[in-house]
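Data first, discussion second: the structure below is written as structure tokens.
The values are calculated or read from the model by the stated rules, or taken from the named source; none is laboratory data. This one's a predicted model, so the numbers in the text were calculated from it and none came from an experiment. Here the Cβ positions follow ideal geometry from the backbone for every residue, glycine too, while neighbour counts run over all protein chains shown. Ligands, DNA and RNA are stripped out before the accessible areas are found, and what is left, the full protein with its side chains, is counted by its heavy atoms. Shrake-Rupley method; radii C 1.70, N 1.55, O 1.52, S 1.80 Å.
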Amino acid sequence: MYLLQFVLHFLILELQEESEEEEDNDDIKFEEDSDDSSEENETKKKGTQGLIEIENPNLAKPKSVKAKDADMDRPAELSRREREELEKQRAHERYLKLQEQGKTEQARKDLERLALIRQQRLEAAKKREEEKAAKEAKRIEARK
């Protein structure tokens, strides 16, 4: 999804740059016709405008990157929340993998409980077998 947004963003930028280049070409043609008037405008600056060029440091300059210059192999940078979410998912997957291998504390406790339950079931099955055998023996003696 982010890759699609990334590609769309660069396609839009490329279209904007192409339109700007067309406008620049139109401006160049216009400037050739009016070279005289542009020189007059430059000389008529008021005050210290001709001496000092001031740029607003707070002005965010748009970064235009052409699609052909963009590195498509490099993944788009993730936000802090997205990075944390990915790390959380990876940690959970790692934990589940270790739990399947029986290396976590919870998995060890589960395996111990499971072994205890199996042992209790085996003992109960043996006891039932013995009781069944004893009942069978009583029936045989009662018939005699």
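Of all residue pairs spaced 6 or more apart or on separate chains, those with beta-carbon atoms under 7 Å, a first member in the range 1-21 that is more than 18 Å from Glu82 (Cβ to Cβ) and a second member that is open to solvent by less than 100 Å² (accessible area, probe 1.4 Å) and of a type in the set (Val, Ile, Thr) are Phe10/Val65; Leu13/Val65.
Applying the set (1) within 23 Å of the chain's Cα centre (by Cα); (2) modelled with pLDDT under 90 to Asp69 leaves exactly one unmet item: (1).
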